[in-house]
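Any read-out appearing in this document is the output of simple, stated calculations on the displayed coordinates, not a laboratory observation. Model, not experiment: these values are computed from the prediction. Ideal geometry is used to build each Cβ from the backbone, glycine not excepted, and the neighbour counts take in all protein chains shown.
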Amino acid sequence: MVGQIDILETMTPLEFLSFRRFLDESSGFQSVQFRELECLLGIADTFDPEWFKGDDGEYNRLIKRIEEPTLWDAFVGYLHRNGHPMPESATSRDPKAALEPDAAVQAVIVNAYRNDVRLLSLCEALTDLDEALQEWRYRHVMMVQRTIGTRMGTGGSSGVDYLKGTLFRQCFPDLWAVRSQF
């Protein structure tokens, strides 16, 4: 996704504005697919599903995704099933709830890092994914500011100000919190 921004940044503001009106509702702000990705990554609390009520198929698909376990939930379950007992708060959490750092979960992760090479690689892959999404968000903010300045966003958001509010939102806060425990 970052590579797409490289291409868009080759345009001047005049070039981008020459076709912006044709984007209509093609914004990530209004993209059910992007919102599904956010839900899968555990950040379903960043939008209101009611925004998508106009299309029953997409709305129902989004509601289903919101209620299903996240990638983090799958990771926690995997750890739990493979000899790294997780606290019940982690194994039975509401997938719609925002992930909050949890010291008990972090203790299990630190133990996994120290004693299970397979899980160390998985933890790092999830951290890479989280970092890549944050990198994309930053590049997206800068590209938008570069091409449209402080205009309203394509999807009707406040544009750059809205996007800045999404920066540094971690999908997997426990994987970041353990960094200082080694």
Expected unfolding gain across Met1-Asp55 under the 0.36 nm per residue rule, minus the alpha-carbon gap, is 16.8 nm
Measuring from its Cα centre, the stretch 109-182 shows a charge dipole (+1 at each Lys and Arg Cβ, -1 at each Asp and Glu Cβ) which, in debye to the nearest 20, is 300
Which residues qualify? For Gly159, with a placed amide H closer than 5 Å and at least 5 residues away or on another chain, they are Gly153
In degrees rounded to 10, the 0-90 angle between helix 71-81 Cα long axis and the longest Cα principal axis of the chain is 10
A chain fully extended from Leu14 to Val110 at 0.36 nm per residue, minus the present Cα-Cα distance, gains in nm 29.5 nm
Taking a straight Cα-to-Cα line shorter than 19 Å from Lys96, and setting aside same-chain lysines fewer than 8 residues away, one finds Lys53, Lys64
With +1 on the Cβ of every Lys and Arg and -1 on the Cβ of every Asp and Glu, the dipole magnitude of the chain about its Cα centre, in debye rounded to the nearest 20, is 300
Helix-only [θ] at 222 nm, the chain, -39500 (n - 2.57) per DSSP H run of 4+, per residue, nearest 500, equals -17500 deg cm²/dmol
Cα-Cα pairs in the stretch 1-86 separated by more than 20 Å, as a whole percent of all pairs, come to 54
Quick P(r) readout (the chain; Cα-Cα; 10 Å bins; whole %) gives 9, 32, 30, 20, 9, 1
In nm, the gap between the two label points placed 7 Å beyond Cα toward Cβ at Arg118 and Phe34 is 3.7
With the dipole of the chain defined by +1 on each Lys or Arg Cβ and -1 on each Asp or Glu Cβ, the option from Met11, Met152, Thr166 whose Cα lies farthest towards the positive pole is Met11
